[in-house]
Amino acid sequence: MGKTRLAAEALASPDATVVQGRCLPYGEGIAYWPVVEVLRQLDTVPPDAAAADALDSLLGASDAPSSAEEIAWAFRKTLEQAAADRPLAVVFDDVHSGEETFLDLVEHVALLSSGAPLLLLCLARPELAERRPAWPVTQRLEPLPDADVERLIPGRIAGPLRQRITRAAGGNPLFIGEMLAMTSDGEAVVPPTLQALLAARLDGLESAERAVLECGAVEGEVFHRGSVQALVPDEPR
C-alpha cells in the first residue's frame, strides 16, 4: 500500500547517509543478499581485523568460514563505524521475504546498537508480524481513502474514467500510478486487477522490447544486461 514510496519520500533529503538492500523472494543461499547490497554502498572499513574477516567471507573475498553470530556482530560494528562519521539510515525492503538468518541479524542490530546515530527501517507486508510477533510495528499502512486517491488523479481526467480509476485502485498508490500511465498513452480501459494492468502494459510494448523482458525473465525478477545479451544475440540494441 505504498510503503516503498513513503520511505523514499521520507528519506528524500535527510541530513544522513542512506543505504538500502532488498530481500529477494526466490533462490537458495541468499540470506545475506540485502546485507551485501548495503556493504557495497558503504565506503567504510570494518573497525577491526575480526570484523573484516567475517565480512570478507560474506563478500566472497575469503574462504574462511564465519558463523551467523560473527557476521551479525561484524555488520553491526561496521554500521556503527559508518554512523560515527555521519548519521546513517539503513533501509531493508521486502523483509517479509527474508530468511530467518537475515531476520536474526536485523534483530541483533536493532537490539544491540547503541550510542550511534543509526536508523534501521524495515519495510514489509503484514505477514512478517506472524513470523516475528515481538517486533514493533510502528506504522501499518492502510488503503488510501477516496479523498486522497482523488488528489493523485490529475484534473485532466474526469467523468466516468476518473470514477473507474478511483473504484478500481482500491487505495493502492502503485495501481493508481500505473493506470494513469495507461491513460496518458491514450488508453481508456481500466483493467480489473494490478496483474491484468501490468499484462496490458507489457502487451503494448514493441516486439523487440517484449523479447528483452522475456529473456530477462528467464534469469529472474532481477536480471543482468550480459544475460539478456547472451540470450538475444540478434538484438544489438
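The values are calculated or read from the model by the stated rules, or taken from the named source; none is laboratory data. All values reported here derive from a predicted model rather than from experimental measurement. With ideal geometry, Cβ positions are generated from the backbone for all residues, glycine too; neighbour counts draw on all protein chains shown. Quick note on the areas: whole protein, heavy atoms, side chains included, nothing else; ligands and nucleic acids left out. Shrake-Rupley method; radii C 1.70, N 1.55, O 1.52, S 1.80 Å.
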Residues in the stretch 123-159 that are small (Gly, Ala, Ser) and not in a loop (DSSP other than H, G, I, E, B) total 3
All positions within the stretch 5-35 that are assigned to a helix (DSSP H, G or I) and either over 19 Å from the mean Cα position of the chain (by Cα) or surrounded by fewer than 16 Cβ atoms within 10 Å (Cβ to Cβ) (or both) = ARG5, LEU6, ALA8, GLU9, ALA10
Is there any pair linking a residue in the stretch 194-212 that is in contact (Cβ under 8 Å) with a residue 24 or more places away in the chain to one that is open to solvent by 50 Å² or more (accessible area, probe 1.4 Å) and not in a helix (DSSP H, G or I), with Cβ under 8 Å and at least six apart or on different chains, and which?
-> ALA208/GLU235; ALA208/ARG237; ALA211/GLU235
Across the stretch 55-102, the tally of residues that are in contact with a strand residue (DSSP E or B) (Cβ under 7 Å, 6 or more places away or on another chain), of a type in the set (A, V, I, L, M, F, W, C) and part of a loop (DSSP other than H, G, I, E, B) stands at 0
Conditions: (1) open to solvent by less than 70 Å² (accessible area, probe 1.4 Å); (2) free of Cβ contacts under 8 Å to residues at least 12 places away in the same chain. VAL109 meets all but one. Number of the miss?
-> (2)
On the given criteria, is PRO65 under 28 Å from ALA7 (Cβ atoms) and of a type outside the set (Ser, Thr, Tyr)?
-> no
Extreme residue, least open to solvent (accessible area, probe 1.4 Å), among residues of the stretch 129-151 that are closer than 23 Å to ASP94 by Cα and of a type in the set (D, E, K, R) | ARG132
Output the residue which, of all residues in the stretch 36-54 that are in a helix (DSSP H, G or I) and more than 20 Å from ASP94 (Cβ to Cβ), is most open to solvent (accessible area, probe 1.4 Å).
-> ASP53
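Can you report the number of residues in the stretch 211-233 which are assigned to a helix (DSSP H, G or I) and open to solvent by less than 80 Å² (accessible area, probe 1.4 Å)?
11
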Which residue out of PRO126, PRO154, PRO117 is over 30 Å from THR78 (Cβ atoms), modelled with pLDDT of 85 or more and open to solvent by less than 70 Å² (accessible area, probe 1.4 Å)?
-> PRO154
Could you run through the stretch 83-92 and say how many residues are surrounded by fewer than 21 Cβ atoms within 10 Å (Cβ to Cβ) and under 22 Å from the mean Cα position of the chain (by Cα)?
-> 2
